Amino acid sequence: MPSVFVQGRPTAAYPPLAPEARRGSVRRVTEAGEEVLHKPCRDVTEFGPDLAALIDMFRTMYVAEGCGLAANQVGVDLRLFVYDCPDDGVRHVGHIVNPVLDALDPAGRRLLDEGEGCLSVPGAVMAVPRPDRAVVRGLDKDGEPLVVEGTGYFARCLAHETDHVNGQVYLDRLSARDRKRALRQSADRRDEVFARRAANAEALAETGTGTATGTGTATGS
């Protein structure tokens, strides 16, 4: 099996950082409680330079050590996310515009109750049940149809990011008790997380390299 899939297609080779990460600037990551994260995003209807510039948020995702980042996590109310997610030795990189997650047949799906975090809840990791397979349909930055399928860890990433553009954060999938635990974790680890992000931003600015993906959805997306 190829070791890298870009936009859902196998690729012979790919750089450690998506090329888009070398452009633009590091954006502030919005946090749970901010309005833009808790309402469905608007469909993208215009495809052009502005949309391409937004996809440069790969840079912010790498600095924050995430495996995925939705546009509303950088304060932009549009249905779009980017990802760079490892799963069982395979790397998946790309972006999806106006994503829609396929409904799976309950009889044929298996739920995995594994650790999950969110860059908008910095530092917290909680177990969240997700199907072990996900299919997302949408468009690429040029408006061409796109289908991306993932299993295991990457499936979790696709589902998590699609939740974001639908106005849902992973805290919404937790019990009230676990939600409080996650918020306490975030408060305790906040300084550490932001110090690490600052160091990553400096390294990326100075060398053009730095942190690629962190530990994926378990770290944050």
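With a cut-off of 15 Å on the backbone N, the residues of region 100-136 near the modelled label site 7 Å out from A187 along Cα-Cβ are 122-124. From the Cα gyration tensor of region 119-206, with a ≥ b ≥ c the square roots of its eigenvalues, which class applies: rounded if a/c is under 1.5, or else prolate if a/b is larger than b/c, or else oblate? Here region 119-206 falls in the oblate category. Placing a label point 7 Å from the Cα of H38 along the Cα-to-Cβ direction, the residues of region 103-130 whose backbone N falls under 18 Å of that point are 118-122.
Solvent-accessible area assigned to carbon and sulfur over the chain amounts to 51 percent, based on a 1.4 Å probe. The residues of the chain have, on average, 46 Å² of accessible surface per residue, using a 1.4 Å probe with all protein chains present.
Quick one: grab the alpha carbon gyration tensor of the chain, order the square roots of its eigenvalues as a ≥ b ≥ c, and give me rounded if a/c is under 1.5, else prolate or oblate depending on whether a/b is larger than b/c. Rounded.
Take the Cβ atoms of A203 and V6, set R0 to 22 Å, and the FRET efficiency comes out at 0.35. Scanning residues 5 or more positions from L119 or on other chains, those with amide H under 5 Å from its amide H are S221, with H placed 1.01 Å from N in the peptide plane.
Each Cα pair under 8 Å and six or more residues apart adds its sequence gap; the mean of these over the residue count of region 105-168 is a relative contact order of 25 percent. Spin-label model, R28/A127: points 7 Å from Cα along the beta carbon direction are separated by 3.6 nm.
The values are calculated or read from the model by the stated rules, or taken from the named source; none is laboratory data. The structure presented is a predicted model; accordingly, all values stated were derived computationally and were not measured. Heads up, the Cβs are rebuilt from the backbone with ideal geometry, glycines too, and the neighbour counts pull from every protein chain shown. Please note that ligands, DNA and RNA were not included when accessible areas were found on the heavy atoms of the full protein model with its side chains. Shrake-Rupley method; radii C 1.70, N 1.55, O 1.52, S 1.80 Å.
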